[in-house]
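Readers should treat all values here as calculations from the given coordinates under stated rules, not as data from a laboratory. As the structure is a computational prediction, the values presented were derived from the model and not from experiment. Because the Cβ atoms are built from the backbone with ideal geometry, glycine has one as well, and the counts that use them run over all protein chains shown.
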Amino acid sequence: MTIKRNAMTVVEILRTMVAIFCSLLMVFAIILLVSDQPMSALRDFLIGPLTSVRRMGNVIEAMTPLIFTGLSVTMLYRAGLFNLAMEGAFFIGAVAATAGALLFELPAGINLIVAMLFAAVAGGIVTLIPAVLKVKCHANELVTSLMLNYVCLYLGLYIITAYFYDPQMNSNYSYMFADSMVLPKLFSKTRINTGTIIAFVTVVVVWLILNKTSFGYKVTLVGKNDNMAKYSGIHAGAVIIGSQILGGVLAGLGGSVELFGMYQRFQYQGLPGYGWDGVLIAIVARYQAKYIPLAALFLAYLRIGADIMSRNTDIPFEIVKIIQAIMIVLISAQAKLVVKEAKELEEMGGKTA
C-alpha cells in the first residue's frame, strides 16, 4: 500500500512538472512571436533573477508571503470547503498588526509578538465566518467568502483612516512604526528578514499538524468523505470550523510578517492579492505543505524574472499572468485525470474482489 501511494505521488509530481513545462513552452513561443528582441527577453526572464544579490533577495522576499497564503489555502481546502476568505484574512491581519503596533507601548520584541498575535487572531476570525455560515446555515462558502473579502477591505481601510491615518501623507498611510517593530534583516544589500525563517518554521508546524496529529487526520477524512467521518464518530462541524480558523490564522500571520518585514507603516490601498496567489501555490504543491516553499519559490522567481524582462525589453510584465493561467488550466486537467484513473482502478479492484 505504501509503495502504491509513493508511486502515485511520484506520478502526480511528474504530471505537475509536465504541466509547468508545457506552460513555459507556450509562453516562450509567445515571446518569440511578439518580441523584437526575443533572445534578450528570454535571457532576462530565465537568468535575470540570478544576476545579482539584490535580485536573488527579491525572489526570497516575494516568496515569503506566498508561503503563508499557500499554507492557508492548503489548510482551508483540506476540509473540503472552498473558503476564499484568505485574501481578506491577509489584509485584515495587516490592519490588526498595525493596531497592535501603534496602540501599545510594550518592550521591544514583546510588542512585535503581540501585534503578530493580533494579526493571527483577526485572520482566524475572518475565515471563521464563512465556516460557521456553512456549518450552521448551509450557506455557500464560496459566495460568502468572496463577498467577505470586500467587507474586510473597506472595514480595514476605514480603521486605518479613522484611527491610524498619518495626516502628513497624501495617501491613506498609517503612522510610522517604531524601529523595534521591524523584523530584523538577515543579509545586507537585500530586504530578506526573519519573516522568511518564520515562514519555514510555519511550514514544518503545518506539516506536523496535517500528517502527525489526530486533528490532521480528522480534517483529511472530513474533506474526503464527511459521511464516513460522521459514521466514525467525528464531529465534522467542529473539525471544519477548527481547520478554517487555523487557515485564517496562517493568512493573518502572513499579513503581519509581510508588513513588519517589508514596510515601516501600513500602506495598502487595496487587497494585495497574496491570497489569490495562495490558491495557485496550493494547486502547484498538490495541497501538500512540504511542497509549498518550492511552489512559492517558483512563482516568485517567475515574477521577478518577468519584472526584469519588462523593464529591459518590449515584453510586458503581464506575461507572468499568462503563465499562471496556463498552469492552472493544465494542472487542473491533470488533477481531474488522476481522479478519473483512481476511480477506474478502484472499480476494477472491486470487480476482481
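Let me know the whole percent of all Cα-Cα pairs from the chain that are separated by more than 35 Å. Here the tail beyond 35 Å accounts for 28 percent of pairs. By the count of neighbouring beta-carbon atoms within 10 Å, fewest first, S243, S310 end up ordered S310, S243. Segment 25-99 and segment 106-156 have Cα centres spaced 22 Å apart.
Local charge for I240 was computed over the other residues whose Cβ lies under 12 Å away, with Lys and Arg +1 and Asp and Glu -1, and equals +3.
Among I192, I125, the order by Cβ neighbours within 10 angstrom, fewest to most, reads I125, I192.
The phi-based Karplus calculation (6.51 cos²θ - 1.76 cosθ + 1.60; θ = phi - 60°) puts the 3J(HN,Hα) values of segment 133-138 at 4, 5, 6, 8, 10, 6 Hz, whole numbers, x for Gly and Pro. Helical content alone sets the calculated 222 nm signal of the chain at -26000 deg cm²/dmol, taking -39,500 (n - 2.57) per DSSP H segment of four or more residues and averaging over every residue.
Report, in debye and to the nearest 20, how large the dipole of segment 36-314 comes out about its Cα centre when Lys and Arg carry +1 and Asp and Glu carry -1 on their Cβ. Before the final figure, lay out each step's value.
Numbers: 18 positive and 13 negative charges, 157 e Å.
Computed charge dipole of segment 36-314: roughly 760 debye.
In this rough spin-label picture, where each label sits 7 Å from Cα along the Cβ direction, the N225-L155 distance is 3.8 nm.
Work out, step by step, the length gained on full extension between L24 and N312: first 0.36 nm times the residue separation, then minus their alpha carbon distance; give nm to one decimal. All intermediate terms of the calculation are to be shown ahead of the outcome.
On the way: separation 288, 0.36 × 288 = 103.68 nm, distance 1.98 nm.
Taking 0.36 nm per residue and subtracting the Cα distance, the gain is 101.7 nm.
Here the spin labels are modelled as points 7 Å beyond Cα on the Cα-Cβ line, and at L32 and T194 they lie 4.9 nm apart. Taking each residue as 0.36 nm, the span from V53 to K321 lengthens on full extension beyond its C-alpha to C-alpha distance by 93.9 nm.
Taking neighbour counts of Cβ atoms within 10 Å as a proxy for exposure, in what order, fewest first, do H138, H235 appear? Write down the numbers at each step before the final one.
Working: H138 8, H235 13.
By the 10 Å Cβ count, ascending: H138, H235.
One Cα centroid belongs to segment 158-176, the other to segment 232-279; the line between them spans 23 Å. Mean separation of Cα pairs under 8 Å and 6 or more residues apart, divided by the residue count, gives the chain a relative contact order of 33 percent.
Taking each residue as 0.36 nm, the span from M147 to K212 lengthens on full extension beyond its C-alpha to C-alpha distance by 20.0 nm.
Taking amide H as placed 1.01 Å from N in the peptide plane, the amide H of N193 sits under 5 Å from that of L186, each at least 5 places away or on another chain.
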